[in-house]
Every structure is written in structure tokens, then in C-alpha cells.
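What follows draws every value from the coordinates through simple rules; no lab data is involved. This structure is a prediction, so every number in the text was calculated from the model and none was measured. Using ideal geometry, Cβ is built from the backbone for each residue, glycine included, and neighbour counts are taken over all protein chains shown.
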Amino acid sequence: MSEVEQGTQAVGYTAQIGTAGSTVKSGIVSSLKGIDDIEKEIVSLVRNTVSNTMKASGAVSGEAVVTVRDVVKGAISATEEVGAGLVLASKSVAKGVVMGMADVGGDVISAATETAKAAVKGAADVGGDVAMVAKRTVDGSIEAARETGGNVAAVAAAAANGAVEAAGSIGNAAVATVRDMLVGMVGGVKEVAGAALPKGQGSGQA
């Protein structure tokens, strides 16, 4: 089908929408645009919180781990309180953490690992979708590395390892689910997938 035909088909489909359909369409478009704004706000909030906390503590590595875990716990608690948004927020939180750590010259590799660990463990604790949270967290870390000029492959590997390690504390089924999800993405950094994920634990394990 040509681009002209596709365009005509799209116009025809839109023309078939009645009043109710138009109302729903308008609402969904606004919501989707709003989601993008919400994600940006979360990234900014987390980034500033992490960088300010690290500046106040003198960017001590031990404090960094505590800060990262605390930030993730806070985010998960917020999604519990409103009853939604864990998967959505996980990417923005991870991105904000890595960017905040980069702002103060902190260890972004360690930050990516700890963020993924905390997010996966937290998702399991509240009955969330562990695999999707892992995926979104790794994606957020990768986006942050790209935007701050960091080592994308190293950050991707660190986040993936952190997610799988945390899944290991949940059970073999969780490891398999998380690993299978990450092999299919790791933000397009294909060479990282095989190296980052543990071997010898087949996806067929229960």
C-alpha cells in the first residue's frame, strides 16, 4: 500500500468516528500527551533529588547506594498510594537516578545496578509486573546514559545484571521471565544481552 493510500485510509477511518468516539479520542490524546509530561516531571524530580543529596553528602559511594534505594522505595510507595503507575514510573525513576548521579560525577554504573535491583525487588514486594518493571528500568538507564554521554553498553549491562540478580532472590521462574524480557531488548544494545544475562539458567526452569 502506498503512502497516499495509507493517508486516505487514515482520513476515512477518522471520518467514521462519531461524537462519542471523538470524545474518547480527544481524551486519550490528552492523556497520552499528559503521560509524556508526567514522565519528564518524574525524571526531573528524581534527577534533582539524587544530585542534591549526593552533593550534600559529598558524593560518598556508600551514601549513593542508600540514596538510590531510598529513591526507588519512595517511587514504589507513591505508585502504591495512587494504585497505579509502577511500570510507567520505573523508567523515569531509573533515568532520573542515572542522570542525577552523572551530574555530580558519581558512579553511574553502580547506580544503574542498584536502581534495577531495587526496582525489581520492590515490584515483587507489591505484586507488580517484575519483567516489565525490569525492562522499563533498563530502558530508562540506557536513555540516561545516551543523553549524558555515558557508556551506554556498560550501563545497559549493569542495569540488566542488577535486574536479573534481584530476580534471583525471587526465584528461578522470575529469573527466566526477566532474562527473556531483557534478551529481547536491552535498549537495542544487542551485544550486551548475551554478556549481561546469566548462563546456565535456562528459560525452561520453573
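Going down the table (Lys25/Lys121; Lys33/Lys73; Lys33/Lys91), which pairs top 25 Å between alpha carbons?
Lys25/Lys121; Lys33/Lys73
From the backbone phi of the stretch 135-145, what are the Karplus-calculated ³J(HN,Hα) couplings (6.51 cos²θ - 1.76 cosθ + 1.60, θ = phi - 60°) in whole Hz, Gly and Pro given as x?
4, 5, 5, 5, 4, x, 5, 5, 4, 5, 5
Excluding residues on the same chain fewer than 8 positions from Lys55, give the aspartates and glutamates whose Cα lies under 18 Å from its Cα.
By straight Cα distance, Lys55 reaches Glu63, Asp70, Asp103, Asp107.
Taking other Cβ within 10 Å of each residue's Cβ, how do Val65, Val43 sort, fewest first?
Lowest to highest Cβ neighbour count: Val65, Val43.
Tell me whether the stretch 29-110 comes out rounded, prolate or oblate; compute the Cα gyration tensor, take square roots of the eigenvalues as a ≥ b ≥ c, and use a/c under 1.5 as the rounded threshold.
Prolate shape, in that a/c is at least 1.5 and a/b is the bigger ratio.
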